Amino acid sequence: LASTVNCIYKEKDGEIWIGSPKGLYTFNGYDLKRHNDTLFLNRSIYKMEEDIKGGTWVLTDNWVMYKRKGEERFTHMKAESPYKEPPFYSICQDEEGIWFGSQGLIYRYTYKDERLYLFSELQGRKDFFCSYLNKVNDNMLLCCSNYGSLLIDTATGKITENDFGPNNEVCGTMTDSRGRLWISFYNNGIKVFEKDGTLIRTYTTKN
């Protein structure tokens, strides 16, 4: 590889995608391929993920790329933005489409309309890097970063009160099969929450 690795994603059919600060790679078990087209060359790749339709999304420092199932080439997906080239850091799926976290922005893509659009600006928080995005329930998104976390109403886009842990740096999030949220905080262990924000478990180096 020509650089360090930002992220790794294994497709359902076995191919492995590798994102780096200098572009995108795929590995099929035998050969490592670098994607040298202008969409990815020397572009920082933050995350890759398949959607429920079998399409592949690649989040970069300059918008997001999309490839439908069975297609060879990616499309550069653009939408309205207060910034010239917004980075895309996080992705969260539901049955209707996909949510994306950017810098002070939340984007939405729906399968019905097949378009990407700006859903919400995080007012007064344009420097909030939405590094992790999780669906808490049908009405709320949890957006986390090294600045802490925010709850966002999926109907209005408004920021609401956050009950999910201390407001400090978040290093990772996961929603498990029961819908519980696992959140790791910098130098503060891992906390597990129910959908309503109730803390049910805490893991640290002491236990």
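What the table shows:
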{"read-out": "Pairs where the first residue, in the stretch 52-77, is over 26 Å from residue 129 (Cα atoms) and the second is open to solvent by less than 10 Å² (accessible area, probe 1.4 Å) and charged (D, E, K, R), C-beta under 8 Å, 6+ apart", "value": "none"}
{"read-out": "Evaluation of residue 191 against (1) within 17 Å of the chain's Cα centre (by Cα); (2) touching a residue at least 24 places away in the same chain (Cβ under 8 Å); (3) not in a loop (DSSP other than H, G, I, E, B) (one fails), failing number", "value": "(1)"}
{"read-out": "Residue list for the stretch 152-200, filter: closer than 20 Å to residue 123 by Cα, hydroxyl-bearing (Ser, Thr, Tyr) and open to solvent by less than 70 Å² (accessible area, probe 1.4 Å)", "value": "154, 160"}
{"read-out": "Condition met for residue 38 (polar (S, T, N, Q), farther than 27 Å from residue 110 by Cβ and assigned to a strand (DSSP E or B))", "value": "no"}
{"read-out": "Residue ID - most open to solvent (accessible area, probe 1.4 Å), chosen from residues in the stretch 99-132 that are more than 19 Å from residue 79 (Cα to Cα) and at pLDDT 90 or above", "value": "132"}
{"read-out": "Scope the stretch 133-148; condition open to solvent by less than 40 Å² (accessible area, probe 1.4 Å) and acidic (Asp, Glu); matching residues", "value": "none"}
{"read-out": "Count of residues meeting criterion [in a loop (DSSP other than H, G, I, E, B) and of a type in the set (Phe, Trp, Tyr)] in the stretch 110-166", "value": "4"}
{"read-out": "Selected residue (only one of 34, 73 is touching a strand residue (DSSP E or B) at 6+ places or on another chain (Cβ under 6 Å), of a type in the set (Lys, Arg) and either at pLDDT below 90 or more than 24 Å from residue 173 (Cα to Cα) (or both))", "value": "34"}
{"read-out": "Residues satisfying the stated conditions in the stretch 127-157, i.e. charged (D, E, K, R) and in contact (Cβ under 8 Å) with a residue 40 or more places away in the chain", "value": "135"}
{"read-out": "Residue within the stretch 40-48 that is touching a His at 6+ places or on another chain (Cβ under 7 Å) and surrounded by 18 or more Cβ atoms within 10 Å (Cβ to Cβ) present", "value": "no"}
{"read-out": "Close pairs from the stretch 1-28: first more than 18 Å from residue 51 (Cα to Cα), partner polar (S, T, N, Q) and in a strand (DSSP E or B), Cβ under 9 Å, at least 6 apart", "value": "1/20; 2/20; 3/20; 4/20; 5/20; 6/20; 24/60"}
{"read-out": "All positions within the stretch 1-35 that are of a type in the set (D, E, K, R), assigned to a strand (DSSP E or B) and loosely packed, with under 15 Cβ neighbours inside 10 Å", "value": "10, 33"}
{"read-out": "Residue count for the stretch 67-96, restricted to those that are part of a strand (DSSP E or B) and surrounded by fewer than 19 Cβ atoms within 10 Å (Cβ to Cβ)", "value": "5"}
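The values are calculated or read from the model by the stated rules, or taken from the named source; none is laboratory data. For clarity, every value in this text was computed on a predicted model and none was experimentally measured. Cβ: placed from backbone, ideal geometry, glycine included. Neighbour counts: every protein chain shown. Ligands, DNA and RNA are stripped out before the accessible areas are found, and what is left, the full protein with its side chains, is counted by its heavy atoms. Shrake-Rupley method; radii C 1.70, N 1.55, O 1.52, S 1.80 Å.
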